[in-house]
Amino acid sequence: MDGTSHMAIGAAAGFGAASAVGADLEATLILSALGGLTALMPDADIDGKLRNRLTFSHHFIRSVAQIAGFLMIMYSFFQGKGNEIWTGMGAGAAIIVLSAFIRQRHMLTMTGAGIAAGGFSLQETWVILLGIFMIIASFVPHRSYTHSIAGLLFFAVIASQFEQATGLQGAFYAGTAGYASHLIADMKILPFNRRGVKFFLPFSSKEF
């Protein structure tokens, strides 16, 4: 199922949550949008479709690093003095070599670390936890832990903290329902899914 379909189903889940808490029109629109956005989060894992939308392309970052390394070599050669020349040129060459090892997973990891750092700066628990979620997602295969009950429970904590921080009644239900809707829509019992969801990782790898 593509992202647009997941978002539509999640928005419907968010609308249901809004109805359950008796939200007014403005809050209903916000909760529906929240449900749609959180329905995309399980695909934030390393091979998920959301990954490239959340991070810079590793090709772009690799190119920037290579240019920076080259400029460092040139600057050190023409402007350096004594050992500074060789130190600077060596550092520039090292940057160019290391840039070849940059992968998209590293971009996702750095994005998560940046979000977590922002959370610490703002002293917002839900932002910190969201950053941790992104870091974990950068290391796990697609349709694994982010598509499990463990992932759902972790995200439910994020949604709970978000509601407490914002005072938006129903945010916990909308966020959790939106996330859960993605897992349900990815189940193997649906005819358009070739693969299923491993709900009980790490205890069982059985797909449902």
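Residue by residue, here is whether (1) of a type in the set (Phe, Trp, Tyr); (2) modelled with pLDDT of 80 or more; (3) open to solvent by 30 Å² or more (accessible area, probe 1.4 Å) holds:
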| position | (1), (2), (3) |
| --- | --- |
| ILE46 | no, no, no |
| ALA68 | no, no, yes |
| ALA94 | no, yes, yes |
| MET107 | no, no, no |
| SER138 | no, yes, no |
| LEU153 | no, yes, yes |
| ALA159 | no, yes, no |
Which numbered condition trips up LEU168, out of (1) within 18 Å of ALA20 (Cβ to Cβ); (2) part of a helix (DSSP H, G or I); (3) modelled with pLDDT under 95?
-> (2)
Test: residue in segment 185-201 that is closer than 17 Å to ALA20 by Cα, open to solvent by 40 Å² or more (accessible area, probe 1.4 Å) and touching a residue at least 24 places away in the same chain (Cβ under 8 Å) | no
The residue from ALA150, ALA174 that alone is among the small types (Gly, Ala, Ser), assigned to a helix (DSSP H, G or I) and over 17 Å from the mean Cα position of the chain (by Cα) is ALA174
Single unsatisfied condition, LEU130 versus (1) in contact with a Ser or Thr (Cβ under 6 Å, 6 or more places away or on another chain); (2) open to solvent by less than 40 Å² (accessible area, probe 1.4 Å); (3) modelled with pLDDT of 85 or more = (1)
Selection within segment 10-26 - more than 10 Å from ALA177 (Cβ to Cβ) and surrounded by fewer than 18 Cβ atoms within 10 Å (Cβ to Cβ) = SER19, VAL21, GLY22, ASP24, LEU25, GLU26
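The values are calculated or read from the model by the stated rules, or taken from the named source; none is laboratory data. Please read these numbers as outputs of a predicted model, since none were measured by experiment. Here Cβ is always computed from backbone atoms with ideal geometry, including for glycine, and neighbour counts include all displayed protein chains. Accessible surface areas use protein heavy atoms only, side chains included; no ligands, DNA or RNA. Shrake-Rupley method; radii C 1.70, N 1.55, O 1.52, S 1.80 Å.
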